[in-house]
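All of the numbers you see were taken from the coordinates with simple rules; none came from a lab. These figures come from a predicted structure and were not determined experimentally. With ideal geometry, Cβ positions are generated from the backbone for all residues, glycine too; neighbour counts draw on all protein chains shown.
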Amino acid sequence: MGDGHATDRAGLTGRAGGGRRRRRGVIFYVTLVVVLMAGLLAAGLNFYIRSQASGSAADQRAAQAAEAARAGVSLAAAILLDPEYQLENVSDNPDLFRDLIVAPGPPEWRVCLMRDDPTVDDAPAYGLADESGRLNLNVATVEQLLLLPGMTRDVAEAIIDWRDADDTPGPQGAESDYYQNLPSPYRARNGSFESVDELLLVRGVTETLLFGEDANRNGMIEPNENDGDRSLPPDNGDGKLDPGWAAWLTVYSFETNTTHDGRAKLNFATGAVNTVRDRMVELGFSPQTADFVRDARNGGVRFTHPAQLYGWKGTLKVRQGNATVDVQAESPMSPDELALALEELTGSGQQMIPGLVNPAAAAACVLEAVGFQPSEADEAIAVRSHLEAADTLTFAWLVREGVLDAPRLAELAPRLCGRGRQFRIDAVAYSPQSGQFVRIETVLDVSGGQPRTLYRRDLTGLGPAYVLTDSATDSPIRAGR
């Protein structure tokens, strides 16, 4: 059970095994066809029953549009819960998420699942947004918030004061005594933010700061978002979209300290030493690596995160006869085994860990907020664009691709995660015949094996936000409400 088995078990490591990845990709698409058929048939029946319950033709069309959007979100949930999704790109995949027919009609109803991407402001992405690519408001520090473009210390401290449990303001912050003196008084929550939009209640936060120039919240620059003062929203006309803080923040990201297929991770830091050693071999680690973990723990090393195992060098306390001597040791862990360690091992007893950041999905300012140097953040973003989705299931790619060395990885790892379990979906449902549409934003949690809606809001009032086209002809569809 050497490195080759580790690579197979993790399903995400070195470039060897491309044939396996392609075969598993074929299996994924066969499975997906079944999921699509079942999902669309169920959605179609539900669609018909609900839409016919409305009396007027206008009510029926509105109900049909809403059901089409729900069907698209249900389909996304089915894909995320399929084990083979781990090998597929769900962030930008038109084959999976563009022009899905959820009711053949007449009238026909389709849905596109979209993702706003603040790093690319001139093209839509058909896919799902990993919430762990954002900075979690409920765990962020003042210093982390200050790394967001346009953030000031007084606003950052007011954000922390809004969520902390006390009524004592920071040096430049604001607590309930400030808010209760407003014309329409209210109290600070003194608890976790329930949505990013709640920031609008915090002193100093404006719609311009929160949403930037992105009036329709699609992550793409529009003519009215690049014309200076000629039309709303306010913008500087520089040809670049300022998406505002909302593009980089979340309140929904958390890890469950389990593997991506739902198994409990092995606590290698506190479990019985010999049991951990044997279990690591069973999981696919080389005997040499498993022995190193046993010897290091017996020699007085206290690990807290599996990333510390990679590249470790130091002194162990070893018993020789009646004496204890210092022995120099070095971890034999390979980059492939690092990926396996990040997937299978933990050093924490927490069942839920909020706010870890996925470096394969985060913008540069978010990476810098969790400790990346600007040059490291830029390199990570450049490198990840060439990786397959399966390579980013964990963050071992940061080492494999030379973005971080072992000491830097160990330093940053407690704030990082692989692909997340919560996803943001912008579902645009429409009828090509009538042009009627509805746009629903949803945050789904799939960490528990069943989809759970954490957040849902209707964005139809902001417009379709994307140019809807027939994927077969590329001809535009005239959209209206």
Pairs of Cα atoms farther than 29 Å apart, the stretch 259-407, %: 23
List, largest first, the extents of the alpha carbons of the stretch 359-415 along their principal axes, each in whole Å. 25, 21, 17
Chain lengthening between V327 and R302 when straightened (0.36 nm per residue, less Cα-Cα): 7.4 nm
Charged-residue dipole, Cβ positions (Lys, Arg, Asp, Glu), the stretch 266-346 about Cα centre, Debye nearest 20: 420
What's log10 of I(q)/I(0) for the stretch 356-464 at q = 0.21 Å⁻¹, Debye sum over Cα points only, no solvent? -1.05
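Pairs of alpha-carbon atoms within less than 8 angstrom and 6+ residues apart define the contacts here; what relative contact order does the stretch 226-333 have, in percent?
Numbers: 98 pairs, mean separation 16.4, N = 108.
The value is 15 percent.
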The stretch 266-346: proportion of alpha-carbon pairs further apart than 18 angstrom, %: 35
From the phi angles alone, apply the Karplus equation (6.51, -1.76, 1.60; θ = phi - 60°) to the stretch 178-191 and give each ³J(HN,Hα) in whole Hz, x where the residue is Gly or Pro. 6, 5, 6, 9, 6, x, 10, x, 7, 9, 5, 5, 6, x
Mean Cβ count within 10 Å, highest first, over the residues of peptides 318-327, 213-222: 213-222, 318-327
The stretch 359-415, relative contact order in percent, only Cα pairs under 8 angstrom and at least six apart counted: 35
